Amino acid sequence: MSSTDQRSQNQITAAGWRFPVLPGLGLTFAIAVAATAVQQLSGIAALSPLVVAMVLGMAIGNLTGTPEAARAGIGFSLRRILRLAIVLLGFQLTLEQLRAVGLPGLTVIAVTLAVTFVFTRWVGRVLGVEARLAELIAAGTSVCGASAVIATNTVTRGTDEDVAYAIACVTVFGSLSMLAMPILGGMMAMGPTSYGIWVGATIHEVAQVVGAGFQHGAEAGQAATVAKLSRVIMLAPLILTLGALARRRGAKGTGKAPTPWFVLGFIAVVVLNSALPLPEALHAEVAGLTAFLLTMALAAMGLETDLRKLRAKGIRPLLLGAVAWLFISALGLGLVALT
């Protein structure tokens with residue numbers, strides 16, 4: 001083959017790799033834009049565009065069906081774009097935030113996270129919830145809501161319906177916490193720092209934490225936000241641990257488990273952001289891009305979710321989410337009271 005023919009063949013191959021993903025990317029991009037617009041027009045800060053995108057994707061996928069031409073791009077959004085977004089999430093975190101929480105606060109956060117995760121998986125077995133779904137509900141409840149669910153699924157390998165159900169659980173119960181905790185904190189006359197750590201260590205989504213925290217004042221809101229971001233950092237060791245356990249199980253069987261290399265990128269970005277923080281204006285742009293990429297990933301997840309399979313899972317996973325929610329709320333409160 002001549003060099004000219006070889007160049008032509010390379011161009012055809014490259015085009016064959018690029019263009020099949022464009023319809024699906026365009027679809028997830030459009031859904032993400034619509035979801036972001038819905039959140040902004042609603043004026044409800046705690047309404048997550050991620051959840052809106054997943055719901056819109058599910059509506060399109062189940063009412064009209066997912067176009068065959070879009071499947072490659074949807075898969076790209078679920079894998080590559082998701083991993084890029086998680087790496088970029090590191091720019092929202094610094095090691096200084098861990099120091100600012102202090103040893104007692106970090107102890108509350110770490111113990112609450114670890115015990116809730118283990119407890120939720122155990123209750124899942126007792127209730128007869130499929131192990132992968134229970135693990136995703138455990139991750140979403142104990143760490144950081146929808147982002148933790150989709151990040152954990154890179155090693156858990158649950159179905160799209162598992163992911164959708166877990167996200168629904170953390171959305172519903174996190175929203176209930178956002179409404180109830182300001183009332184309970186006032187009734188118990190909690191100090192702003194104690195209240196903020198309780199909220200940051202137990203509520204599922206970042207937006208829900210901010211919504212509940214600042215209802216108790218600026219000091220409580222800041223403490224809640226920092227506590228929550230410190231909790232998000234712990235997503236990295238959780239995924240690495242689950243990945244290592246999955247590889248051990250794979251080695252004993254015939255399957256192969258993934259190595260979550262993107263988590264190492266997340267950790268590297270956190271360290272880089274701690275040493276060389278981004279300028280404030282650029283930081284806001286990167287945060288916006290990260291949120292949008294996560295929204296695209298959730299749009300893709302919704303497009304791939306079959307509501308019939310979701311309904312077939314029954315009420316037990318929802319009960320598991322409720323038990324996990326009550327447990328983390330009570331455990332966090334008890335630990336804050338002891339510190």
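The values are calculated or read from the model by the stated rules, or taken from the named source; none is laboratory data. Quantities reported herein were computed from a predicted structural model and do not represent experimental measurements. Reconstructed Cβ throughout: ideal geometry from the backbone, glycine too, with neighbour counts over all protein chains shown. Accessible surface is based on the protein model in full, side chains and every heavy atom, while ligands, DNA and RNA are left aside. Shrake-Rupley method; radii C 1.70, N 1.55, O 1.52, S 1.80 Å.
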Listed by first then second residue, the pairs whose first member lies in segment 235-255 and is over 26 Å from residue 92 (Cα atoms) and modelled with pLDDT of 75 or more, whose partner is among the hydroxyl-bearing types (Ser, Thr, Tyr) and open to solvent by less than 40 Å² (accessible area, probe 1.4 Å), with beta carbons under 9 Å and at least 6 positions apart or on separate chains, are 246/156
Note on segment 1-57: residues part of a helix (DSSP H, G or I), open to solvent by 40 Å² or more (accessible area, probe 1.4 Å), within 23 Å of residue 310 (Cβ to Cβ) and modelled with pLDDT under 90 are 55
Report task. Scan segment 111-126 and give yes if some residue there is among the charged types (D, E, K, R) and in a helix (DSSP H, G or I), otherwise no. Result -> yes
- Quick check, is residue 191 over 29 Å from residue 288 (Cβ atoms) and of a type in the set (Gly, Ala, Ser)? yes
Residue 268 vs (1) buried (at least 20 other Cβ atoms within 10 Å of the Cβ); (2) over 30 Å from residue 66 (Cβ atoms): all pass except (1)
Those residues of segment 142-185 which are in contact with a Lys or Arg (Cβ under 8 Å, 6 or more places away or on another chain) and closer than 15 Å to residue 313 by Cβ amount to 158, 159, 161, 162, 165
Among 331, 320, 303, 298, the single one that is touching a helix residue (DSSP H, G or I) at 6+ places or on another chain (Cβ under 8 Å), in contact (Cβ under 8 Å) with a residue 60 or more places away in the chain and open to solvent by 30 Å² or more (accessible area, probe 1.4 Å) is 331
Scanning segment 139-195 for residues that are in a loop (DSSP other than H, G, I, E, B) and not polar (S, T, N, Q), the one most open to solvent (accessible area, probe 1.4 Å) turns out to be 157
Somewhere in segment 68-76, is a residue assigned to a helix (DSSP H, G or I), surrounded by fewer than 21 Cβ atoms within 10 Å (Cβ to Cβ) and within 20 Å of the chain's Cα centre (by Cα)?
-> yes
The residue from 90, 102, 75 that alone is in contact with a Phe, Trp or Tyr (Cβ under 8 Å, 6 or more places away or on another chain), closer than 30 Å to residue 237 by Cα and at pLDDT below 90 is 90
